[in-house]
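To start, the structure under review is shown below, and the notes come after it.
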Amino acid sequence: MTVITVNSPKGRLGLEERRALAETLTDAVLVPEVGRFAPAARAGFQVHFAEREPDMMAIGGRLLADNGPGLDVMVIDVAVMDGDWRREVRAEVIERVLAALAEACGLPKPSPAWWVNFRVIDEGSWGSSGGALSVLSLLDTGVFTEEKAKAVRAAIDA
């Protein structure tokens, strides 16, 4: 289970950009998480788009409404179930998220004011369908590569 929330100024992302990001942000996390491209795993991912009025976001101590139109501010929050999230895997996800965002926005590189928060939800602290969920129950679905499933089990046991 993964939830990606894109917080942006109102009107920054159009419908076509959100359509593209719904898929590319999902895959930006899915591939490092399960160890390969696995379309069946997409069902466990949600992408939320939250727009804020320019007077509801600030950077550098000033509201965007007071800074003018030149600032391109976004915060992307990635919340994932506990698993194999070594530093290099988290870095890969962050780079993939920023690249997907730049591509969808038609930019050659991500804005320095786009920030990604990567949060791992502890085992037993994620719930759905009337109870707590475990990443361990997902390992035998065939979505994870064998190598990734072993790494997840080792990370949870550590």
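The values are calculated or read from the model by the stated rules, or taken from the named source; none is laboratory data. Only a predicted model underlies this, so the values are computations on that prediction, with no experimental measurement involved. Neighbour counts run over all protein chains shown; Cβ positions are idealised from the backbone, glycine included. What goes into the accessible areas is simple: the full protein's heavy atoms, side chains included, and nothing from ligands, DNA or RNA. Shrake-Rupley method; radii C 1.70, N 1.55, O 1.52, S 1.80 Å.
Spread over its residues, the convex hull of the C-alpha atoms of the chain is 132 Å³ per residue. Summing charges over all other residues whose Cβ lies under 15 Å from the Cβ of Gly142, with Lys and Arg as +1 and Asp and Glu as -1, gives 0.
Computed extension gain for Glu123 through Asp66, at 0.36 nm per residue and net of the alpha carbon distance, reaches 16.3 nm.
With the convex hull drawn over the C-alpha atoms of the range 67-125, the volume per residue is 97 Å³. Each residue of the range 90-95 is assigned a 3J(HN,Hα), and the resulting list reads 4, 4, 4, 4, 4, 4 Hz, derived from the Karplus form 6.51 cos²θ - 1.76 cosθ + 1.60 (θ = phi - 60°), x at Gly and Pro. Taking Lys and Arg as +1 and Asp and Glu as -1, the other residues whose beta-carbon sits under 12 Å from that of Ala38 total +1. Where only DSSP H runs of four or more residues are counted, the chain gives -11000 deg cm²/dmol as its mean residue ellipticity at 222 nm, each run worth -39500 (n - 2.57). Using a 1.4 angstrom probe on heavy atoms only, work out the carbon and sulfur share of the accessible area of the chain in %. Within the chain, the accessible surface is 53 percent carbon and sulfur. Extension gain, Glu88 to Thr5, is 27.7 nm, computed as 0.36 nm per intervening residue step minus the present C-alpha separation. Charging the Cβ of each Asp and Glu at -1 and of each Lys and Arg at +1, and nothing else, the dipole of the range 61-110 about its Cα centre rounds to 140 debye. Bridging of Lys10 to lysines at a Cα separation below 30 Å is possible for Lys109, once same-chain residues fewer than 8 apart are set aside. The P(r) of the range 1-51 has a tail past 18 Å containing 30 percent of all C-alpha pairs. Each of Lys150 and Arg18 was given a label point 7 Å from its Cα along the Cα-to-Cβ line. The distance between the two points is 4.3 nm.
Entry note, the chain: relative contact order of 30 percent, from Cα contacts under 8 Å with a spacing of 6+ residues.
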